[in-house]
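Q: Let me give you the structure first, and then I'll get to my questions.
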Amino acid sequence: MVIGAGQAGLSSAYFLRKHGLDFVVLDGNDGPGGAWRHRWPTLAFRDVHGLHELPGLPLGAVDENRRASDVVADYFDRYERAWDLDVIRPAPVSAVRRVDGGLLVESTAGNFPARAVISATGTWTRPFWPHYPGQSSFLGRQLHAADYVGPSEFAGRHVIVVGGGTTAVQLVLELSTVATTTWVTRRPPVFREPPFTEDLGRRAVAMVDRRVRAGLPPISVVGVTGLMRTPEIGAALANGILDRKPMFDHITPDGVVWPDGRFERADVILWSTGFRAALDHLAPLKLREPGGGVRMDGTRVVAEPRLHLVGYGPSASTIGANRAGRTAVREIRELLVPSAA
């Protein structure tokens, strides 16, 4: 059983198909594309910070000016058809439980017994909202990056964008064309000149891997990789658009206040503060460690060897998901077909 049909779920299904294993894919979305189908409409494919092709089928030539959500949804749809991946959707999964002889996956499409489960549910459905004093008193609009649909509705407003990741930078750049902005982060951002090296990628993956092996929640890897200094970002830094401010202390009805008492008026606070792993459906298995995470050995959950998490922790990237899907299927094959070991 594969839960989720984004990059991680589809790559896992591909390797299951290649090894001749029977499986079902359940997806909570209405159509192909995974989390990509929810990216804001004004995000063009040329502006995304990376899409690694799925195994076995190249992306091919695309119009870089098309919506990223449309490009990837079309690609995933083509992929599902090319490899005959029969995805059942919409079929949100509510729970995975232990039963005699295996696991039971409960969804809106029915209950499915499984000898092994790959959970590839990503993070999109779990946007993280931090809490700051006075937040509920703010009279303007607050929204998470997950709810952002484009800059036009913020024309003439002053928007405070909170967050130190690539998405926050993209939002500041886009909003600055129609509104005034203030960019706020907890830590000073580090910009690196491209390209993104293999050594940097390995360091980031190793850092997250150590955490999940210790049963701690995965964290963002931006602290290791930094933000890529593209020509557009270089220009924005030079003209002051990306003039980062430290985190404010509290929120008032009409703005924010820093520890030194400095006040800034705001019409909108846009929280680009990331996401958490969507693991609520695994709650019946009681996998959480005292440190708050799920203890992992590669993709395998230590407390439940029949369960693999792909797209979680060190595999939470498009290239990492492909590799993790291959690893998970190899271990599942060894579990179900011992002679294959």
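Q: Scan the range 314-335 and give yes if some residue there is at pLDDT 80 or above, buried (at least 18 other Cβ atoms within 10 Å of the Cβ) and over 23 Å from ARG202 (Cβ atoms), otherwise no.
A: Yes: one or more hits.
Q: Step by step: first the residues of the range 52-76, then only those that are β-branched (Val, Ile, Thr) and at pLDDT 95 or above, then the one that is surrounded by the fewest Cβ atoms within 10 Å (Cβ to Cβ). Which residue is that?
A: Here the residue is VAL71.
Q: Look at THR177 and say whether it is out of contact with any strand residue (DSSP E or B) (no Cβ under 7 Å at 6 or more places or on another chain) and either in a loop (DSSP other than H, G, I, E, B) or small (Gly, Ala, Ser) (or both).
A: yes
Q: So the check is Cβ under 7 Å with 6+ separation or different chains; which pairs have a first residue in the range 111-133 that's closer than 24 Å to LEU16 by Cβ and a second one that's assigned to a strand (DSSP E or B) and among the small types (Gly, Ala, Ser)?
A: Filtered contacts from the range 111-133: PRO113/GLY102; ALA114/GLY102; ARG115/GLY102.
Let's see how each residue does on (1) in a loop (DSSP other than H, G, I, E, B); (2) assigned by TED's automatic domain parsing to the domain that holds ARG157; (3) more than 21 Å from the chain's Cα centre (by Cα); (4) of a type in the set (Asp, Glu):
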| residue | (1), (2), (3), (4) |
| --- | --- |
| ALA236 | no, yes, yes, no |
| LEU242 | yes, yes, yes, no |
| PHE248 | yes, yes, yes, no |
| GLY261 | yes, yes, yes, no |
| LEU282 | no, no, no, no |
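Q: Right, here's the next one. So, in the range 93-114, of the ones that are out of contact with any Leu (no Cβ under 6 Å at 6 or more places or on another chain) and closer than 20 Å to ARG330 by Cα, which residue ends up surrounded by the fewest Cβ atoms within 10 Å (Cβ to Cβ)?
A: Filtering first and then ranking leaves GLY102.
Q: Right, something else. Against the definition (touching a residue at least 60 places away in the same chain (Cβ under 8 Å) and assigned to a loop (DSSP other than H, G, I, E, B)), how does VAL159 come out, yes or no?
A: Against the criterion (touching a residue at least 60 places away in the same chain (Cβ under 8 Å) and assigned to a loop (DSSP other than H, G, I, E, B)), VAL159 does not qualify.
Q: Quick one: count up the residues across the range 8-51 that are within 18 Å of ARG78 (Cβ to Cβ), of a type in the set (A, V, I, L, M), modelled with pLDDT of 95 or more and not in a helix (DSSP H, G or I).
A: Residues in the range 8-51 being within 18 Å of ARG78 (Cβ to Cβ), of a type in the set (A, V, I, L, M), modelled with pLDDT of 95 or more and not in a helix (DSSP H, G or I): 1 in total.
The values are calculated or read from the model by the stated rules, or taken from the named source; none is laboratory data. As the structure is a prediction and not an experimental result, all values here were calculated from the model. Glycine gets a Cβ as well: all are built from the backbone with ideal geometry, and neighbour counts include every protein chain shown.
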